[in-house]
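Right, one structure below, let's go through it.
The values are calculated or read from the model by the stated rules, or taken from the named source; none is laboratory data. Keep in mind that what you see is a predicted model, and the values were worked out from it rather than measured. Don't worry about glycine lacking a Cβ; one is built from the backbone with ideal geometry, like all the others, and counts go over all protein chains shown.
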Amino acid sequence: MSQPAFSRRVLLSAAAAAGAAISLPFGAESKESTTMDKKDMEGIRHYEFGNVTVTSISDGTRAQDPGLSLTSKERIEELVRQSCQTPDTLEHYVNVFHIKSGRRSVVIDTGYGIGKGLALTRLFSEVKPTTITDVLITHCHPDHISGLTHNGEAAFPKAKVWVPKTDYEFFTGESVPEETRKATAEFFAPYEEAGHLKLIDKAETLFGDFSAEFHPGHTPGHAFFVLDTEQGEIVFAGDVAHVAAVQFAVPTISARYDMDPKRAAAERIDLFTELAESTHLLAGGHLPFPGIGRVRKFGSGFEFLTLPYRDRL
Ligand SMILES: [Zn+2]
Ligand SMILES: [Zn+2]
């Protein structure tokens, strides 16, 4: 697969170099932000794959709790240090992806939403919310669906929202506490009322070059979305891994949030193995920003290599 070209944002780069906050010329609709400063721009990366543009957007990072992984503290510390980090410098990433492909303008997972996370404010500084045609939800955890609404209204007023049926029914059903059930339903409500909620019940092509696959383990209906580009496939794998420093080296270690840790580990190993034998790309909700890159075999496990940064003059 050839190296993707990186799109340039010359105006923004010039402003960043000057450390200036500028008004954006894109007609942003978000009331919260019509300016971007240097910090905002550091959280966005654009990649071009032929005629498809993929934008990685950080929702903000937090200190990573190394205890997230289901193994001993000592083992985690050892693995973290092997990856040239220390447990107290480990970041927890939340990534949102935007894809422009033909007439489609697609968001994959939504982060914590405007006011709680940074991703949608960053995204809406570049594209109008009303131009988003589709939102794909890998699973129904709050860090992936909270951005669907803003003050109770659809954050993507014209978009169809695609969500795995099994996950939607689980998280709005009797198996979860009432609070979770209610909160989940509220995030999807404006889309359901508008007839824009699309429950995915089988692995198939959704539209254009996007298809869905089910890989339960992290949640009962956890989905991967595969985008077929002229430069190869990109697998948007949601929460297949939470702590890259630990789970690529030893993919059998599942996270506390994996509802079925054994199944989640099996799916993780299958995906990493498949990707390491191909040139396809992996994009993940909690992989180190920009959260998109390649997987290769390394030692007895794997390694994740983010796409290289390019800023050629
Ligand atoms: Zn999750
Ligand atoms: Zn998550």
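Some notes on this structure:
- Looking only at segment 109-125, and only at residues there that are part of a loop (DSSP other than H, G, I, E, B) and more than 26 Å from MET259 (Cα to Cα), the one that is farthest from ligand 2 (Cβ to nearest atom): SER125
- Filtered residue count, segment 126-146, keeping only those that are buried (at least 21 other Cβ atoms within 10 Å of the Cβ), more than 12 Å from ligand 2 (Cβ to nearest atom) and within 23 Å of THR61 (Cβ to Cβ): 2
- Test set (1) away from ligand 2 (no atom under 16 Å from the Cβ); (2) modelled with pLDDT of 95 or more; (3) over 13 Å from THR138 (Cα atoms); (4) among the charged types (D, E, K, R) - ASP260 fails condition number: (1)
- With respect to the stated conditions, ALA265 fails to be within 18 Å of THR138 (Cβ to Cβ), within 16 Å of ligand 2 (Cβ to nearest atom) and under 20 Å from the mean Cα position of the chain (by Cα).
- Test: residue in segment 87-98 that is more than 16 Å from ligand 1 (Cβ to nearest atom), at negative phi and at pLDDT 95 or above: yes
- In segment 234-264, the residues that are part of a helix (DSSP H, G or I), within 15 Å of ligand 1 (Cβ to nearest atom) and in contact with a helix residue (DSSP H, G or I) (Cβ under 8 Å, 6 or more places away or on another chain): GLN247
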